[in-house]
Amino acid sequence: MMLHQRVEMAERDRGASEHGNYVELEKVREEYQEKLNELSQYPEKLSSAEARYQHAEAQSEALNSQLADKNQTVEELQKKIDLFQGQIGKLKTKIHAVNEDNIELSNKSQSHER
């Protein structure tokens, strides 16, 4: 092979190599730019996530407050139910006593009639 041909082949190889490196370099630059674009969106995404978190926290606090109010209402209703059950028990005792008195009076009335 002649020296001239070797030089041409070497130049073509070098050119192809440079072109390959350029293509590779462009790929790296594109990937780098994509990453930069993604990173530039993080503050906005973070801000949005923080806003959603704060909204969720506010909702949780409101729900916890409602739950506490409802638990308080349930406790108050339970106390009233207990009070009413006690009053019902006393009334049943009085009714039973009145019924016994009525039976006794009825028996006395019948015995006087005889």
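The values are calculated or read from the model by the stated rules, or taken from the named source; none is laboratory data. Computed from a predicted structure; not experimentally measured. For the accessible areas, the whole protein counts, side chains as well, though only heavy atoms, and no ligand, DNA or RNA atoms are used. Shrake-Rupley method; radii C 1.70, N 1.55, O 1.52, S 1.80 Å.
Here are a few things to note about the model shown:
- With a 1.4 Å probe rolled over the protein heavy atoms of all chains, the accessible area of TYR42, TYR53 falls in the order TYR53, TYR42, largest first.
- Ordered by 1.4 Å accessible area with all protein chains kept, VAL23, VAL74 run largest first as VAL74, VAL23.
- Here's the list of aspartates and glutamates a cross-link from LYS35 could span, going by alpha-carbon distance under 20 Å and ignoring same-chain residues fewer than 8 apart: GLU24, GLU26, GLU44.
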